[in-house]
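Contents: one structure, followed by commentary.
The values are calculated or read from the model by the stated rules, or taken from the named source; none is laboratory data. Worth saying up front: this structure is predicted, and the values here are computed from it rather than measured. Don't worry about glycine lacking a Cβ; one is built from the backbone with ideal geometry, like all the others, and counts go over all protein chains shown.
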Amino acid sequence: MDEVTMVRIVLSAALFIIPMITYLATEAVFKRIYKIKKFKALFG
Amino acid sequence: MVFEIIAYFLSAIAMMLIFFIPGFLSSLFFRRLDSVEKITVSFFFSVSWIIIIFIAYHYAGFEASPAVLIPLSVLSLILFVFVRKQVFGFRMSKEVKLLLLLFFIIFMAKITAQIFIKYYPAGSDYVGHYKTALYFLGNEWKLPDSYINPDNPEVYIPYRTPGFYMPISFFMSIFGSSFWVCQIAATLLNTVFIFPTYCIAKKFFSKKIALLTIVFLTIIPFVETSLYIHAKMLVAYFAFLMFYLFTARKLSPFIIGSVAGLGLMIHQSFFIFVLAMATPYLFDLVKKRSKSELIFALKIAFAFSLVILPWFAINYLKYGTPLSSDYAYFPLYTTNYGAGNYSPLELWDNFKKTSPLYIVGARVINTVTFATPAILVSKIAALFFPFTLDTGKTNPPVPVNFASGRDLPWAYHYYHSLPGILTMLMYVFAVIGFIKLWGYNKKLFYFVLIPIIFTIIWYGWVVLVIIRSGVPEVIPIFVIIGFWEISKRKDREKMVKLVFLLAIIELVIFSIFFSWHIGIAEQIAIERKGDPKYLVDIDQLEKLFSAYKLFKVQEMGKWL
């Protein structure tokens, strides 16, 4: 497999992986910061 | 002159009716929808009908003109007025009347604005859109051998999906192939997004918030996405409609899938919204393991594939790749788009040579200028402290010009940022509301967040891309969220008035800057002849004519 094909595969996969990582990372971050009382008082 | 002005407005109204009626009559057969939903869905059916009729005319080679639709539309409308209650059970409630009136006012306001606002010269997208619409007017829909047509590189077929151009050239086949017809048609297509915006706001928040959103959307500085010949707000229509139908579950999954498929046919960037809707849903699906939900999703996927398959099959057979767009390679570009000017190998080599600091830095700076009032703050600060943060003139890391405006004035950058486009007070409420939205409605939250993050990563190196050509579709949702946040306050009535007042003041300032920066942009375009980033040949603008020029060149008289 040449370099360009590899890049193509990685980019195609990235189309789907970016939304997934965005989702998982945001869930993790928000779950954590929603536990902070001050944050909850402001935004909860 | 008076005659031309009357003809101009009448043709805009005629286009609106021709676009509205066929789809509306189709939507009447779906009795589970209420009146507002019927009107909302109708534009999906209209686009479908137009594409079907257009393809049928092309391949069956009928002699009759699509203009037969005009008397047919009027006739069916008259019939409908008499039988709507008895046959279809369509209730013309106050809400429906108000919404239709608002739509009419918004559309007419834009049509009027087109006469006074000079067409924006930098960037060549609208030339491409116009020429691609002309391509569908021709009798031979022959695809070029290479997907970049050497004879006519500005025709966007095949490397963009054709759904946006077919309705435009349908109108051009009836009203004439002049540029201003294309402009009215594009404005019409870019205005219908207010209906699903209204439905989403009404479903998840309240009717009042929905109405305020629609009224607010008419007055905020949203000029480029609504007047420029641009597919983006039609994408917004399909994205919001897909999202609404998916959550409301009032129509068959096959129709929801078709809406999504047709949305992708409008512009390939639509898939970000498909993914933004599907990602949280799929994670949920895995958690719940519901069989009925899985079947529902599979049915949607089936209809979706069926709609998009012909286009991708044609591309695959002709060029050996399902999507000849270079969209997939955008992250590899480091200096310029130049659609398809580089081979993947060249791009990859360039990308490897570029420093990671530059690649990441450009995205960080663009994100900051998009999401915060950084440009305005730095500009105001520069009044008191003698500093300029002109990163464009220093060597890498960052190609973006932060405050002083190497290419375009700072005001132009500011009005393509979130605070600039939403106006400052609305921006503050929208951001606070957006953080709270995670706890209130996760689906809507990710429907906004995923496209933004995706655009930042995918081609965030391009100046202004996030709103200008990335995801302008998220703006209406931010307005909804802003009003939702205001509605929770005790002083909400005062605050709503204040938001509108400040928006109008900003709009006045904006229009002054807009006419000012158009002059500068014209200068740049003249200086930069040959730069693919800008209009290749400024003289082309003189040959074409927008509504602004229409009344100078009197071309309307020739057409009549």
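Just a few scattered comments:
- Residue among B:Y119, B:Y159 that is of a type in the set (F, W, Y), modelled with pLDDT of 80 or more and assigned to a loop (DSSP other than H, G, I, E, B): B:Y159
- When residues of region B:241-270 are limited to those that are closer than 22 Å to B:K442 by Cβ and surrounded by fewer than 20 Cβ atoms within 10 Å (Cβ to Cβ), the one farthest from the other protein chains (Cβ to nearest Cβ): B:K250
- Set B:A276, B:A328: member being surrounded by 19 or more Cβ atoms within 10 Å (Cβ to Cβ) and within 12 Å of chain A (Cβ to nearest Cβ): B:A276
- When B:L33, B:L17, B:L25 are checked against the criterion of being closer than 25 Å to B:R91 by Cβ, in the same structural domain as B:M233 (by TED's automatic domain parsing), among the hydrophobic types (A, V, I, L, M, F, W, C) and outside any helix (DSSP H, G or I), B:L33 stands alone in meeting it.
- Residues considered: B:V479, B:V474. Of these, the only one that is within 22 Å of the chain's Cα centre (by Cα), at pLDDT 60 or above and under 30 Å from B:Y333 (Cα atoms) is B:V474.
- Verdict on B:F283 being surrounded by 24 or more Cβ atoms within 10 Å (Cβ to Cβ), out of contact with any Ser or Thr (no Cβ under 8 Å at 6 or more places or on another chain) and assigned by TED's automatic domain parsing to the domain that holds B:D34: no
- Annotation: of all residues in region B:416-448 being touching a helix residue (DSSP H, G or I) at 6+ places or on another chain (Cβ under 6 Å) and aromatic (F, W, Y), the one that is farthest from the other protein chains (Cβ to nearest Cβ) is B:Y427.
- From the list B:P451, B:P419, the one residue that fits, being in contact (Cβ under 8 Å) with a residue 40 or more places away in the chain, within 28 Å of B:I505 (Cα to Cα) and in a helix (DSSP H, G or I), is B:P419.
- Residue match in region B:393-400 (condition: under 25 Å from B:I512 (Cα atoms), at pLDDT below 80 and of a type in the set (K, R)): no
- Residue within region B:258-271 that is out of contact with any strand residue (DSSP E or B) (no Cβ under 9 Å at 6 or more places or on another chain), within 25 Å of B:L134 (Cβ to Cβ) and either of a type in the set (V, I, T) or not in a helix (DSSP H, G or I) (or both) present: yes
- B:Y147 vs. criteria assigned by TED's automatic domain parsing to the domain that holds B:F104, at pLDDT 80 or above and hydroxyl-bearing (S, T, Y): no
- One residue alone among A:M20, A:M6 is without any contact (Cβ under 8 Å) to a residue 12 or more places away in the chain, surrounded by 12 or more Cβ atoms within 10 Å (Cβ to Cβ) and either facing chain B (nearest Cβ under 7 Å) or assigned to a helix (DSSP H, G or I) (or both), and that residue is A:M20.
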